[in-house]
Amino acid sequence: MGEREAAINQWQKAVAIDKKHARIKMALAVALYDRGDIDRGLATAEEALKLDKGVSDLKYLKEKYFWGEKLLADAQKLLAHPRIQALLSQAE
């Protein structure tokens, strides 16, 4: 099992324990999306953003939660998706 698959496995376990943890859901969403599981990644990101729009703030995730450059770059791609942009624009 590669690092990404191991991370997905751990994040899935964490989400099973706490279904309302937006940051973990967003990390899982990013990994799923990057793996090519687009629909599941988008759906998980939408769940995370509905819990806390703050998980779209990459600077915050980097500084407060020490997200690495790869995870941040992948998150940026996910957040640029039109479905996610539409959800984020609803909050404004």
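Derivation of every value follows stated rules applied to the coordinates shown; laboratory data play no part. Predicted model only: the values in this text are computed from it and were never measured. Neighbour counts are summed over all protein chains in view; Cβ atoms, including those assigned to glycine, are modelled from backbone coordinates with ideal geometry.
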With the dipole of the stretch 1-88 defined by +1 on each Lys or Arg Cβ and -1 on each Asp or Glu Cβ, the option from LEU88, ILE8, TRP67 whose Cα lies farthest towards the positive pole is LEU88
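Taking the Cα centre of the chain as origin, sum charge times position over the Cβ atoms of Lys and Arg (+1) and Asp and Glu (-1), and report the length of that vector in debye to the nearest 20. Kindly include the intermediate steps, with their values, before the conclusion.
Numbers: 16 positive and 14 negative charges, 34 e Å.
Its charge dipole is roughly 160 debye.
Work out, step by step, the length gained on full extension between LYS19 and ALA43: first 0.36 nm times the residue separation, then minus their alpha carbon distance; give nm to one decimal. Could you put the intermediate results ahead of the total?
Numbers: separation 24, 0.36 × 24 = 8.64 nm, distance 1.37 nm.
Length gained between LYS19 and ALA43: 7.3 nm.
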Spin-label proximity, HIS81 to the stretch 1-33 - amide N less than 15 Å from point 7 Å beyond Cα toward beta carbon: 25-33
From the cross-link list LYS50/LYS70; LYS19/LYS53; LYS25/LYS64; LYS19/LYS59; LYS19/LYS70; LYS20/LYS70, which pairs have alpha carbons spaced over 18 Å apart? LYS50/LYS70; LYS19/LYS59; LYS19/LYS70; LYS20/LYS70
